[in-house]
Amino acid sequence: MIIKNKAIVDDDWIVLRLSASDTPEGVAVPSGKTIVPLKVWQAQRAALQHRADLGVWLASNERAEDLQNDLGKFAVIAVDFPRFADGRGYSIAYHLRARLGYRGELRAIGDVLRDQMFYMQRVGFDAFAPRADKDMHEALKGLSDFSLSYQASVDDKLPLFRRVQRGGEL
Amino acid sequence: MYRYDPFDHQIIAERVAQFRDQVRRRLSGELTEDEFRIMRLQNGLYMQIHAYMLRIAVPYGLLSAAQMRMFASIARKYDRGYGHFTTRQNIQFNWINLQDAPVILDDLATVEMHANQTSGNCIRNITSDEFAGVAQDEIADPRPYAELLRQWSTFHPEFGYLPRKFKFAITGAAQDRVAIAVHDIGLAVVKNAQGEIGFRVLVGGGLGRTPIIGSEICAFVPWQHIITYAESIVRVYNEYGRRDNIYKARIKILVKALGIEEFKRQVEADWQFTKDGPCTITVEELNRVAACFSAPAYQPLPKSDAEVAAYRRDNKAFSNWMQRNVKPHKVPGYAAVLLSLKKTGIAPGDATAEQMDAAAELAERFSFGELRITHMQNLVLADVKQSDLITLWQAAKELDMDTPNIGLLTDIICCPGGDFCTLANARSIPLARAINERFDDLDFQHEIGEIELNISGCINACGHHHVGHIGILGVDKDGEEWYQVSIGGAQGNAASLGKVIGRSFTFAQIPEVIARLLQVYVRERFEGERFIDTVRRIGHDPFKDTVYATPVADDEGLQTPDYALLEKGVPYDMPYYSPRF
């Protein structure tokens, strides 16, 4: 189960993570819906590029720009949060959406917790795989912590002062 | 001052509701302390030695009488009757229960205040000039821009989990009173050849473990673009700032590693995507915010007041106060007045609930109902009629806020130190007190003239010791508190970092060390030369030679704690010298 478009839905994607002994070139990518690390995509591109059931995930120290010419090849792009306090994933998402124009599913994976999900949603995530020990229904509530925001981001393209009549009624 | 519209109220109400629920989940065990910690920090709540500490934001240091009264109310209801004004122009309460924090935030929201982002690895409260709007050397009032930046940075979804904290300071005056050179981003209003307003932008300054003076990234960013430009700086930092080592995670380390030219290139490459886009500030929005800071209804008054001048000739105490605590104002017949929170025996920056209420009343009687907090930890009434100065001085005397020591030796910047803070290596409040007692003689202080003495209880430098003319840093040596002394630091237009004079001293030696530094100054100074200028002219050696020439005796009556007697982990049984215990 994951949260997608503000609802809890079934999910059968597998996230491939390399173990210490795996190499991006050598690791076997399972058949079926698989989200592979960026490095695996780069190393095994020829074999993977015609698969329809392929996703890719970026680590927090990787760049959205590395996918610049490949955005159409994936059914899902995920961004990994190694720790919830690592905020690089927010800028990665922003770049994918606002700069590179990615419109497909953008999924937060890793240390994904309720209290960070509102900001994640704002920068363009539309799917969330909350940490396994957390309650999915509780996590869903995190998406509606605020009804208003001051700044522009991926969700609201305009800052508040261009969205509403400041000083006027809500 | 800025007044919330219904949108501001709604956002703050939703934030308090969010935090209330987070506290509930923490208390029920749904959230671990590790998960909760970052959320409570972003709501201003620290865990200190004795209790939670709540740091409430005072945006750019400006507050109303009603807001000051709310601080007094919080001090009485939820704390121990006092609060501590900080070098970021905020206020801290030291004895807070976790369960009370959401209630306090509710109370604050009723007077349009909050504790958002006063801690944590996010964009912190933006500091500004305590004389904004009234200074004679002002190019443009920085507060509308500070407020626009406050709104932009509040709950910015991309920048809630930066590598480390991020501090802005903004000045609109020719003379920098906000230490822009030691901030992550320092902004100074400038006018270009066409007379248009923009900002000189400094980046990568800071104190702490690696003190660095900021570098100029752009000489002129037009005001319309300041949000998008700042956003690009913070974005590059969020992406590339180090996260592997907390001591190397501030933007100053990134700027240093890349070099300012390469950093600027990356920022401006990012900025090309947003420049002239929807986040460009509109004239309409600037005008809406700026209207909140329009000048109050000043009366036409003579340039100076004859009665005040006469009283000043006859009354030395009043004259001292006029000289130190009263500053010029751009409008004839008005003055800006500092209420000193640096009376000997009081922790620097502390005010009681009674003083807060009384200061609020003084603001209403004499200064259009507004106050400011300075980063030197004093209060300002910015718009006082000169003809009211005698009455105001007498009222300030009643409140123990009349000490005529602004800018003098006992106007010490001081962090909470080992009495409260879990990070501290040494106590700083009792040391400030010991120094103040040794040099309490006002004639002596006036004779020494302008000098800044700053004390930090640890390397994090909340007491800005690097930029003190004399800086004192608490260090830990095998579990004992020692103090390193530096000289030659300065804030302002000619900012510089102090240099350590030599091996460190015990608590009880420090007053004598200060005395020796001052002896050298008095011996060597030219007429009218400030301490810092003498240090710059003659260098460190004469000071060093005198301080270390003979053994430094302990100051009488000061005890160095007997560390051997202390049980491990209970440092607060040590012989107390703090005024509050």
Given the structure, is B:Arg15 at pLDDT 95 or above and away from chain A (no Cβ under 14 Å)? no
Picked from region A:126-170 (must be among the aromatic types (Phe, Trp, Tyr) and at the interface with chain B (Cβ under 10 Å from one of its Cβ atoms)), the residue farthest from A:Asp86 (Cα to Cα) is A:Phe161
Look at region B:337-354 and say how many of its residues are surrounded by fewer than 24 Cβ atoms within 10 Å (Cβ to Cβ) and not β-branched (Val, Ile, Thr). 5
Mind checking whether some residue in region B:540-559 is of a type outside the set (Lys, Arg), at pLDDT 95 or above and within 28 Å of B:Gly214 (Cβ to Cβ)? yes
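Of the residues that make up region A:1-13, is at least one of a type in the set (A, V, I, L, M) and either farther than 25 Å from A:Lys134 by Cβ or surrounded by 22 or more Cβ atoms within 10 Å (Cβ to Cβ) (or both)?
yes
Do we find that B:Glu284 is over 25 Å from the mean Cα position of the chain (by Cα) and under 29 Å from B:Pro59 (Cβ atoms) in this structure?
It is true that B:Glu284 is over 25 Å from the mean Cα position of the chain (by Cα) and under 29 Å from B:Pro59 (Cβ atoms).
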Looking at region A:67-83, which of the residues that are facing another protein chain (nearest Cβ under 10 Å) and surrounded by fewer than 20 Cβ atoms within 10 Å (Cβ to Cβ) is farthest from B:Phe155 (Cα to Cα)? A:Pro82
Turns out the helices (runs of 4 or more DSSP H) fully within region B:22-119 with at least 1 residues that are modelled with pLDDT of 95 or more and in contact with a Gly (Cβ under 6 Å, 6 or more places away or on another chain) are B:33-41, B:65-78
I need a count of the residues in region B:186-223 that are in contact with a Leu (Cβ under 8 Å, 6 or more places away or on another chain) and among the polar types (S, T, N, Q). 1
Return the residues of region B:40-68 that are buried (at least 22 other Cβ atoms within 10 Å of the Cβ) and within 14 Å of another protein chain (Cβ to nearest Cβ); say none if nothing qualifies. B:Arg40, B:Gln42, B:Asn43, B:Pro59
Within the bounds of region B:153-175, is there any residue that is closer than 24 Å to B:Arg265 by Cα, more than 14 Å from chain A (Cβ to nearest Cβ), in a loop (DSSP other than H, G, I, E, B) and more than 17 Å from the chain's Cα centre (by Cα)? no
Could you give me the residue pairs with C-beta distances under 9 Å whose first residue belongs to region B:267-285 and is within 15 Å of B:Gln151 (Cβ to Cβ), whose second residue is among the aromatic types (Phe, Trp, Tyr) wherever it lies, and which are 6+ apart or on separate chains? B:Cys279/B:Trp152; B:Ile281/A:Phe161; B:Ile281/B:Tyr145; B:Ile281/B:Trp223; B:Thr282/A:Phe161; B:Glu284/A:Phe161; B:Glu285/A:Phe161
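Does B:Gly29 satisfy the condition of being on the phi > 0 side of the Ramachandran plot and either among the aromatic types (Phe, Trp, Tyr) or within 22 Å of the chain's Cα centre (by Cα) (or both)?
no
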Answer residue from region B:504-548, given it is part of a helix (DSSP H, G or I) and among the acidic types (Asp, Glu) and is surrounded by the most Cβ atoms within 10 Å (Cβ to Cβ) among those: B:Glu512
Out of region B:206-235, which residues are within 14 Å of chain A (Cβ to nearest Cβ) and in a strand (DSSP E or B)? none
As an exercise: evaluate A:His50 against (1) assigned to a loop (DSSP other than H, G, I, E, B); (2) modelled with pLDDT of 95 or more and give the number of the one condition it does not meet. (2)
In region B:144-151, is there at least one residue being within 14 Å of chain A (Cβ to nearest Cβ), at pLDDT 95 or above and part of a loop (DSSP other than H, G, I, E, B)? no
So how many residues does region B:321-330 have that are in a loop (DSSP other than H, G, I, E, B) and either buried (at least 18 other Cβ atoms within 10 Å of the Cβ) or in contact with a strand residue (DSSP E or B) (Cβ under 6 Å, 6 or more places away or on another chain) (or both)? 1
Hey, can you tell me all the residues within region B:287-320 that are in contact (Cβ under 8 Å) with a residue 40 or more places away in the chain, of a type in the set (A, V, I, L, M, F, W, C) and part of a helix (DSSP H, G or I)? B:Val289, B:Ala290, B:Val308, B:Ala317, B:Phe318
When residues of region B:236-266 are filtered for being outside any helix (DSSP H, G or I) and touching a residue at least 12 places away in the same chain (Cβ under 8 Å), how many remain? 5
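The values are calculated or read from the model by the stated rules, or taken from the named source; none is laboratory data. Predicted model, so just to flag it, every value in this text is computed and none were measured. All Cβ positions, even for glycine, are placed from backbone atoms using ideal geometry, and neighbour counts span all protein chains on display.
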